[in-house]
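Written out below as structure tokens is the structure these notes cover.
The values are calculated or read from the model by the stated rules, or taken from the named source; none is laboratory data. Since the structure is predicted, the reported quantities are computational estimates derived from the model, not experimental observations. Here the Cβ is made from the backbone with ideal geometry for all residues, glycine too, and neighbour counts use every protein chain on show. For accessibility, only protein heavy atoms count, side chains too; no ligands or nucleic acids. Shrake-Rupley method; radii C 1.70, N 1.55, O 1.52, S 1.80 Å.
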Amino acid sequence: LIMNEATERGLTTNRIHKSARFAVIRERSDSIYLNEAEIQELEELDLTNNKKLERVRDLFLVGYYTGQRFSDYSTIDAGKITVDEDGDEFLEITQIKTGHAIQIPVHPNLKLIIEKHGGKLPRTYSNQKTNEYLKIIGKIVPCLQENVTVDLPTKGGMKVNITCPKYELITTHTARRSFATNHYLAGWPQRTIMNLTGHKTERAFTSYIRLTSKEHAKVGHALWKKKS
């Protein structure tokens, strides 16, 4: 992308990046998700004495209960909730990145957050500042102080593993990844989750789900139990 932009601006005449032999190294990096117990502990954390952190936590939960990107869940219009003939509530949004218009089922906890903030979403900070505050919040949550080992993006094709407290890896995007992973574990149809998250292909979606080998095995056990 950088080379294409530079060529268009006349900043370079080097076109080696157009060659079929020019390869861009892409590596999968492990990103964390918060399981349902961790989400619950985060949600029950008493932050009434720090309204700034409380707003950030609540907005993160908006991201979790909608499954959207930060650019979408930080700008949701709470006034766009509709009710169908069955009394089910839906939030209508158009995703900024994809232009995809979707209806999101309104989780009872999402409704409570909106009511808590006077019918609106919590006030938004920048993505960078929100990430900083999320790590401060995570450090207070006991279960997020446990160490995890992950793969980090690398240069030159080398893998680097790091071990650190889980809260250090929380970002605004963790909310969306947690939504996708937890609902996959709960047995939601994959296409239903993809419609809500905006993933266009199953390959992109399955690479997005972050499960350990044991968690995948637990899914298998759960399916066997359903059949028996």
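Out of the residues in the stretch 66-96 meeting the condition of being among the hydroxyl-bearing types (Ser, Thr, Tyr) and touching a Ser or Thr at 6+ places or on another chain (Cβ under 8 Å), tell me which one is nearest to ASN109 (Cα to Cα). Walk me through it before giving the result.
Residues of the stretch 66-96 that are among the hydroxyl-bearing types (Ser, Thr, Tyr), as a first pass: 66, 71, 73-75, 82, 94.
Narrowing the set further to residues that are touching a Ser or Thr at 6+ places or on another chain (Cβ under 8 Å) leaves 73-75.
Numbers: TYR73: 15, SER74: 17, THR75: 18 Å.
Ranking the candidates gives TYR73 first.
Can you confirm whether the stretch 193-201 contains a residue that is farther than 22 Å from ILE96 by Cβ and either crowded, with 18+ Cβ neighbours inside 10 Å or modelled with pLDDT of 85 or more (or both)? Before you say what the answer is, go through the steps one by one.
Residues of the stretch 193-201 farther than 22 Å from ILE96 by Cβ: none.
Looking for residues that are farther than 22 Å from ILE96 by Cβ and either crowded, with 18+ Cβ neighbours inside 10 Å or modelled with pLDDT of 85 or more (or both), one finds none in the stretch 193-201, hence no.
Name every residue in the stretch 178-192 that is over 16 Å from LEU59 (Cβ atoms) and either in a helix (DSSP H, G or I) or open to solvent by less than 60 Å² (accessible area, probe 1.4 Å) (or both), in order of residue number. Spell out the reasoning first.
First pass over the stretch 178-192, keeping only residues over 16 Å from LEU59 (Cβ atoms): 180-192.
ALA180, THR181, ASN182, HIS183, TYR184, LEU185, GLY187, GLN190, ARG191, THR192 - these are the residues of the stretch 178-192 that are over 16 Å from LEU59 (Cβ atoms) and either in a helix (DSSP H, G or I) or open to solvent by less than 60 Å² (accessible area, probe 1.4 Å) (or both).
Need the failing condition index for VAL62 against (1) of a type outside the set (Gly, Ala, Ser); (2) open to solvent by 10 Å² or more (accessible area, probe 1.4 Å); (3) in contact with a Leu (Cβ under 7 Å, 6 or more places away or on another chain), just the number.
(2)
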